[in-house]
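Report on one structure; see the data block that follows.
The values are calculated or read from the model by the stated rules, or taken from the named source; none is laboratory data. Quantities reported herein were computed from a predicted structural model and do not represent experimental measurements. Methodologically, a virtual Cβ is constructed for each residue, glycine included, from the backbone with ideal geometry; neighbour enumeration extends over all protein chains shown.
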Amino acid sequence: MADMTNNSSRGNLIDQLAGDIAKDHGIRVYPAARYAWSWGILAALAVIGVTAWVAPLRAGFLSDLLTLRYGIEMASGLLMALGLIVLAFRTAVPGSVSPLLVTTTLLAGILWVGMVAWGVFDPALEPSMVGKRDHCLEEVLIYSFPLAVLGGALLRRGYVLNGWLSGAIIGFVSTVIPALIMQLACMYVPMHALIYHLSPAAFVGLLGCLLGAVIPWRSSRQ
Amino acid sequence: MLQYSATAFDVDPSLDEARPSALTSVQALSDKVLERVVDPGNRALASMADLLKRRADADHPETVEAANQASAKNTRTLERYAEDEARWSRLMAESQQGNDGSYRELLSELGGVVEAYLRVNFGGIDFLEDCVQECLMAIHQGRHTYDVNRPFRPWLFTIIRHRAIDLLRKRSRSPDTTSVDDEQSNIRFEQFSGEDQADEHTLHDEIFGGLSPSFREALVLTKVVGLSMREAADKANISEAAMKVRVHRAIGALKKQLSVAS
């Protein structure tokens with residue numbers, strides 16, 4: 001009797017859901033990859049533009065990039081940022097986060113932070129005050145918030161299962177992008193970079209994690 | 001003491017002419033060795049292994065039969081696995097295009113899959129059907145994230161596992177409730193059921209007494225007050241689909257109660 005009731009109840013539910021499908025006349029599949037690259041490119045261009053508009057980028061940063069250690073440091077930071085962007089948008093698609101992607105991103109991040117920290121004891125470049133910006137910390141934080149909000153809005157169009165995780169990753173990567181650009185724009189002093197450029201990423205990541213755990217990730221349409 | 005002259009290491013031009021014929025003869029010799037020694041050896045070993053296998057097979061025919069059956073079963077399982085994967089993927093792609101028949105077929109199949117998965121992974125939980133229906137709802141809500149170029153199973157089972165764990169966690173926090181999706185149903189029954197408090201309480205006590213607050217709310221809003229599903233969903237601050245599910249479940253629970261009472 002209970003089984004029959006259950007089957008009938010499930011059958012009714014399936015009928016209702018199928019009815020919704022018929023009303024939809026087709027849905028647009030969530031374009032996670034396209035959103036990821038669009039958001040990443042937009043974020044990078046916007047941050048570069050605003051950073052350059054606020055104050056000129058550090059003189060000679062292009063030639064700095066050609067030095068081996070600094071080049072590897074920045075390349076690992078870039079790799080981490082790219083991995084995080086893809087990872088963030090994949091959290092909105094169930095079952096699409098691959099361990100390889102997580103591992104690569106993690107290793108790149110460890111390498112980046114490790115190399116910056118190593119620079120405290122043995123700088124990759126000659127530390128100098130060239131390119132010093134008065135409000136680099138505030139800049140990193142301010143640039144990260146609109147990026148995080150936009151990223152969150154795009155994630156919300158998908159199907160986020162772990163809100164705290166998606167929030168943490170999008171918050172973190174929204175700060176990593178300005179931090180990476182600030183590494184080129186602001187003066188090269190590794191300790192300064194750790195405190196004023198990189199540490200805000202941990203703060204915004206944590207904030208994103210907390211907000212992600214409480215905000216509704218499902219739109220009313222869903 | 002030996003004395004080497006430099007000229008002793010100079011290559012004699014006549015050797016260059018002799019070298020190709022020497023190489024050819026070495027090659028021919030190695031071919032003969034392979035042909036006469038190594039190949040027969042390999043063949044002998046292969047035939048010996050075959051003989052041993054046949055003897056073992058003859059000694060234990062039941063083992064051979066069982067192994068063959070297991071192998072055939074594995075092959076069939078793998079084939080069925082691939083077939084299911086391809087079919088579900090196709091049905092979901094058609095559903096995304098708005099084909100309700102395909103979607104009905106897909107959900108009917110997935111209902112059984114979800115139920116089996118929950119039974120295997122979480123045991124015979126007492127609200128299994130609730131879980132199954134919630135998982136089907138979750139699949140419905142996330143249907144736009146399935147990409148036909150990706151495998152279907154990881155997508156499906158990630159949703160199911162997450163939803164099931166979520167429900168179990170909620171149930172463990174509030175074990176006395178009937179519904180498992182009550183987080184937004186703090187609105188009291190009395191707030192929606194009109195002016196007549198006496199009638200409300202009669203309804204509450206006599207008919208809806210055994211239902212959870214969320215089920216009572218769903219039934220009162222849609223069947224007593226007469227709101228549409230959309231309006232009722234807005235009132236309860238949940239989606240329309242969730243309200244439909246809630247009403248169906250409430251009716252099911254009410255039927256059970258009435259059948260027990262009669």
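In the range A:90-120, how many are among the polar types (S, T, N, Q), more than 14 Å from chain B (Cβ to nearest Cβ) and either within 17 Å of A:I177 (Cα to Cα) or in contact with a helix residue (DSSP H, G or I) (Cβ under 7 Å, 6 or more places away or on another chain) (or both)? Steps first, answer last, please.
Applying the first criterion (among the polar types (S, T, N, Q)) to the range A:90-120 yields A:91, A:96, A:98, A:103-105.
In the following step, the residues that additionally are more than 14 Å from chain B (Cβ to nearest Cβ) were identified as A:103-105.
Now narrow it down to the ones that are either within 17 Å of A:I177 (Cα to Cα) or in contact with a helix residue (DSSP H, G or I) (Cβ under 7 Å, 6 or more places away or on another chain) (or both): A:104-105.
Total satisfying the criteria: 2.
Looking at the range B:107-138, which of the residues that are crowded, with 20+ Cβ neighbours inside 10 Å and at the interface with another protein chain (Cβ under 9 Å from one of its Cβ atoms) is farthest from A:R156 (Cα to Cα)?
My answer is B:E129.
Give just the number: which of (1) assigned to a helix (DSSP H, G or I); (2) within 25 Å of the chain's Cα centre (by Cα); (3) away from every other protein chain (no Cβ under 14 Å); (4) of a type outside the set (G, A, S) does A:L57 not satisfy?
(1)
Go through the range B:119-146 and give me each residue that's part of a helix (DSSP H, G or I) and of a type in the set (D, E).
Within the range B:119-146, B:E129, B:D130, B:E134 qualify.
So A:S174 passes all but one of these: (1) out of contact with any Leu (no Cβ under 7 Å at 6 or more places or on another chain); (2) in contact (Cβ under 8 Å) with a residue 60 or more places away in the chain; (3) polar (S, T, N, Q). Which condition number does it fail?
(1)
Just checking, does the range B:66-81 include any residue being in contact (Cβ under 8 Å) with a residue 60 or more places away in the chain, out of contact with any Asp or Glu (no Cβ under 9 Å at 6 or more places or on another chain) and either buried (at least 18 other Cβ atoms within 10 Å of the Cβ) or farther than 26 Å from B:L167 by Cα (or both)?
no
Is it the case that the range A:5-12 has a residue that's touching a Lys or Arg at 6+ places or on another chain (Cβ under 8 Å), small (G, A, S) and either outside any loop (DSSP other than H, G, I, E, B) or at pLDDT 95 or above (or both)?
For the range A:5-12, residues touching a Lys or Arg at 6+ places or on another chain (Cβ under 8 Å), small (G, A, S) and either outside any loop (DSSP other than H, G, I, E, B) or at pLDDT 95 or above (or both): present.
Is it true that B:A116 is closer than 29 Å to A:G19 by Cα, assigned to a helix (DSSP H, G or I) and among the hydrophobic types (A, V, I, L, M, F, W, C)? Steps first, answer last, please.
Numbers: closer than 29 Å to A:G19 by Cα: yes; assigned to a helix (DSSP H, G or I): yes; among the hydrophobic types (A, V, I, L, M, F, W, C): yes.
In short, yes.
Answer yes if at least one residue in the range B:149-156 is assigned to a helix (DSSP H, G or I), free of Cβ contacts under 8 Å to residues at least 60 places away in the same chain, touching a Leu at 6+ places or on another chain (Cβ under 6 Å) and within 30 Å of A:L154 (Cα to Cα), and no otherwise.
Restricting attention to the range B:149-156, the residues satisfying the condition of being assigned to a helix (DSSP H, G or I) are B:152-156.
With the extra rule that they be free of Cβ contacts under 8 Å to residues at least 60 places away in the same chain, the set shrinks to B:154-155.
Imposing the further condition that a residue be touching a Leu at 6+ places or on another chain (Cβ under 6 Å) reduces the set to none.
Within the range B:149-156 (the criterion being assigned to a helix (DSSP H, G or I), free of Cβ contacts under 8 Å to residues at least 60 places away in the same chain, touching a Leu at 6+ places or on another chain (Cβ under 6 Å) and within 30 Å of A:L154 (Cα to Cα)), the answer is no, since none of the residues qualifies.
For residues in the range B:144-167 being crowded, with 21+ Cβ neighbours inside 10 Å and over 15 Å from the mean Cα position of the chain (by Cα), which is farthest from B:R80 (Cα to Cα)? If you could, list the steps in order and put the result at the bottom.
As a first pass, look at the range B:144-167 and keep what is crowded, with 21+ Cβ neighbours inside 10 Å: B:145-146, B:152, B:155-156, B:159-160, B:163-164, B:167.
With over 15 Å from the mean Cα position of the chain (by Cα) added as a condition, the list becomes B:145, B:167.
Details: B:T145: 25, B:L167: 30 Å.
Residue satisfying both the conditions and the ranking: B:L167.
Determine which single condition A:R34 fails, assuming it passes every other condition in (1) loosely packed, with under 12 Cβ neighbours inside 10 Å; (2) within 14 Å of another protein chain (Cβ to nearest Cβ); (3) part of a loop (DSSP other than H, G, I, E, B).
Among (1) loosely packed, with under 12 Cβ neighbours inside 10 Å; (2) within 14 Å of another protein chain (Cβ to nearest Cβ); (3) part of a loop (DSSP other than H, G, I, E, B), the lone unmet condition for A:R34 is (3).
Taking A:I27 as meeting all but one of (1) within 14 Å of chain B (Cβ to nearest Cβ); (2) among the hydrophobic types (A, V, I, L, M, F, W, C); (3) under 22 Å from the mean Cα position of the chain (by Cα), write down the number of the exception.
(3)
For A:L87, indicate whether it is away from every other protein chain (no Cβ under 14 Å), in a helix (DSSP H, G or I) and at pLDDT below 95.
Spelling it out, it is not the case that A:L87 is away from every other protein chain (no Cβ under 14 Å), in a helix (DSSP H, G or I) and at pLDDT below 95.
Within the range A:98-121, how many residues are closer than 14 Å to A:L82 by Cα and surrounded by 18 or more Cβ atoms within 10 Å (Cβ to Cβ)?
4
Can you pull out every residue in the range A:82-97 that is surrounded by fewer than 24 Cβ atoms within 10 Å (Cβ to Cβ) and either closer than 28 Å to B:I139 by Cβ or touching a residue at least 40 places away in the same chain (Cβ under 8 Å) (or both)?
A:L82, A:V86, A:R90, A:G95, A:S96, A:V97
Please pick out the residue among B:E240, B:E217 that is within 10 Å of another protein chain (Cβ to nearest Cβ), under 36 Å from the mean Cα position of the chain (by Cα), within 23 Å of A:R10 (Cβ to Cβ) and of a type in the set (D, E).
It is B:E240.
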